[in-house]
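Scroll down for the structure; my scribbles are underneath it.
The values are calculated or read from the model by the stated rules, or taken from the named source; none is laboratory data. The structure presented is a predicted model; accordingly, all values stated were derived computationally and were not measured. Don't worry about glycine lacking a Cβ; one is built from the backbone with ideal geometry, like all the others, and counts go over all protein chains shown.
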Amino acid sequence: MGGNARARALQWSTRQAELVAAADAGQLRYGPDGVLREHPRPGQAGRTVADGRLVPLLRAGFLTRDGQRVAVTADGREALRLWRR
């Protein structure tokens with residue numbers, strides 16, 4: 001499957017792509033309360049991320065949980081690159 005076809009096959013929303021991009025930037029972390037937050041700027045409380053947005057991306061293998069941090073996988077990085085085209 002070519003790059004454009006793969007990007008269309010993702011059928012991502014903008015919010016899903018933004019979540020993968022935030023993970024790629026190291027901005028997704030679990031707090032001491034166990035709640036996942038997006039921290040676009042260091043030192044700020046960050047926005048809560050709903051499990052409903054995270055779980056499908058984890059199951060698809062685009063994101064992975066590494067301790068307190070959510071990181072992007074190689075597949076997630078490639079999918080984001082294709083989606084941005």
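Structural remarks
- Among residues of region 76-85 being over 14 Å from residue 18 (Cβ atoms) and loosely packed, with under 13 Cβ neighbours inside 10 Å, the one that is modelled with the lowest pLDDT is 85.
- Residue match in region 40-50 (condition: over 13 Å from residue 18 (Cα atoms), β-branched (Val, Ile, Thr), in contact with a Lys or Arg (Cβ under 7 Å, 6 or more places away or on another chain) and without any contact (Cβ under 8 Å) to a residue 60 or more places away in the chain): yes
- Residue in region 30-51 that is assigned to a helix (DSSP H, G or I), at pLDDT below 90 and not basic (Lys, Arg) present: yes
- Of residues in region 10-29 being part of a loop (DSSP other than H, G, I, E, B) and modelled with pLDDT under 90, the one surrounded by the most Cβ atoms within 10 Å (Cβ to Cβ): 12
- Restricting region 57-75 to residues that are assigned to a strand (DSSP E or B) and modelled with pLDDT of 90 or more, the residue that is farthest from residue 35 (Cα to Cα) is 72.
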